[in-house]
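Everything below concerns the one structure shown next.
The values are calculated or read from the model by the stated rules, or taken from the named source; none is laboratory data. Note that the structure is a prediction, hence the values are computed from the model and not measured. Virtual Cβ from ideal backbone geometry, glycine too; neighbours counted across all protein chains shown. For accessibility, only protein heavy atoms count, side chains too; no ligands or nucleic acids. Shrake-Rupley method; radii C 1.70, N 1.55, O 1.52, S 1.80 Å.
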Amino acid sequence: MPVGIKDFIGAAIRDTFAKKYRVMRKIGQAFCLFSLLMVASCQFSDTEEFRIGEEFIDSHSGIVLIDTMKFSVSTVLVDSFSTSSSSRLLIGGVNDRYSGQVSCMPYFELTSGSFTIGDDDLVFDSLVVVMHYDTFYLGDTTRSITLGVHQVTEPIELNESDYLTNNSAFETAAVPLGSRTFRPEPNSNEEFTIRLNPQFGKRLFDMVIDKNDTLTSDSKFKDFFHGLAFVTEGNPNIMVGLSADSSNVAPGLRIYYHEEVYETEQSDKTYFTIPYDDDGIHFNHFDRNFGGSLMAGIETKPYELPVSGTEYKAVVQSGSGLYAKVRIPGIQHLTGIASKVAFISATLKLTPYEGSWDSNNPLPDSLGVFIADRKNNITSQLSRSDGSLVYALATSNGEFDNQPYYLADVTIFFNSLLAAEEDKEQFIFIGPPSSAVANSAQSVVFGLTNKLASPAALEVYCYIDKN
């Protein structure tokens, strides 16, 4: 079968599957094929020798659907992942019965500012940290959180691999420079401030006025002031994003002052700025506690829980490192189902458990599709021949308006294993996209029973030469 025709067939079938779901049913034939699949094994056939008619969806075309191919799902914990240089700093946390408590503590560096000092006498007023929301949130925004601003007491340094992870942490002062209890307003465009220790503020102010050598270079300043960490007290059920994409809106320190004037004159307050370091080190540290949740026990090796022990549910969550592992035994036996058979395409469908999401904890629009080895190490994200990455896309149609599901084109995964010269044990991991793993705690709880309105499924299309 020419490659162009094969691609056309695969695309047409996948499009039809996503729009109508169950384009054609050949249950009797599929059952026979599946029975053969379990006992037969041979090399991948040469697809070029097969012929295909114009009416390829017609039952006489030789295209068949195998919708009974077995697969298993479990939840895997990826213990460590990079969280360096995220464009979002996360504060707060979320808590549910499926994945327990996950909270975030961001660390970041500041850099020495550029200060213009006049000849007038200047008087210190206050020191504040200023930040901006970036509109992201999870949980109940009507609840208050208490945020402490702590000074980091040791240099923030990258690890040997030149990045920091969710588990990285640095010493901080026991007493915060300042704290504030508030209700987050994640959609607000206004800056948000926390007043800090005035004695420390006066010290910084005097250094600016005296043109202290510490403020003359970035390295000298970081030797004096290693950075800040935002620490949320307690176990909040609200997580909010702070912008960290530029020095204009990222967190920074402001030293407010005014000119000393006679009582009859007007004194306008202004400030010096010690800005966020765009080129410095910043990362999100995550704490997680699976105790009392569906995922209790997953932190014990081998960091994997089968769905039989989790109420037939699998959990995916950014921030905590939870992925759904999909095992498809027998892929390499697929072409042994008949004497002349060519694999065309495969689509995996997973359905979120109804009631596990709401407006405060929405489902992500897409999830990443990754390849992992037998040790559950993610080796790469699944990609097509043109280099484009494969995602599991949230989908719904008129038939399942209230029950969305995720569709992933895993054709390239089948192709790679069918072409392997030897048995190659690999697995599909469904999880947060690489761009979201460090700047979110969104979760998806997949239901793995046939009682769902739209159950999980694996649909495989093959071409059988009838000549």
**Item:** Residue identified as of a type outside the set (S, T, Y), surrounded by fewer than 18 Cβ atoms within 10 Å (Cβ to Cβ) and part of a strand (DSSP E or B) among V130, V102
**Value:** V130
**Asked** Looking at (1) surrounded by 13 or more Cβ atoms within 10 Å (Cβ to Cβ); (2) part of a helix (DSSP H, G or I), which is the one condition that is false for V149?
**Response** (2)
**Single residue of Y257, Y276, Y271 found to be among the hydroxyl-bearing types (S, T, Y), touching a helix residue (DSSP H, G or I) at 6+ places or on another chain (Cβ under 8 Å) and surrounded by 14 or more Cβ atoms within 10 Å (Cβ to Cβ)** = Y257
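What are the residues in the range 106-121 that are in a strand (DSSP E or B) and surrounded by fewer than 11 Cβ atoms within 10 Å (Cβ to Cβ), if any? Give the derivation first.
Initially, the range 106-121 is screened for residues in a strand (DSSP E or B), giving 106-108, 110.
None; the set is empty.
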**Prompt:** Among the residues of the range 423-435, is there at least one that is surrounded by 12 or more Cβ atoms within 10 Å (Cβ to Cβ), out of contact with any helix residue (DSSP H, G or I) (no Cβ under 8 Å at 6 or more places or on another chain) and β-branched (V, I, T)?
**Reply:** yes
**Request:** Answer with yes or no whether A296 is open to solvent by 40 Å² or more (accessible area, probe 1.4 Å), at pLDDT 95 or above, farther than 27 Å from D365 by Cβ and not in a helix (DSSP H, G or I).
**Result:** yes
**Request:** Name every residue in the range 337-362 that is within 11 Å of F446 (Cα to Cα), surrounded by fewer than 23 Cβ atoms within 10 Å (Cβ to Cβ) and in contact with a Phe, Trp or Tyr (Cβ under 8 Å, 6 or more places away or on another chain), in order of residue number.
**Result:** K349, T351, P352, Y353, S356
**Fill in**
Selection from the range 177-221 of residues open to solvent by 60 Å² or more (accessible area, probe 1.4 Å) and of a type in the set (D, E) yields E185, E190, E191, D210, D213
**Request:** Tell me which residues, restricted to the range 366-396, are outside any strand (DSSP E or B), surrounded by 11 or more Cβ atoms within 10 Å (Cβ to Cβ) and under 18 Å from the mean Cα position of the chain (by Cα).
**Result:** N376, L382, V390
**Item:** Qualifying residues in the range 44-86 (those that are at pLDDT 80 or above and among the aromatic types (F, W, Y)) - the one farthest from I328 (Cα to Cα)
**Value:** F81
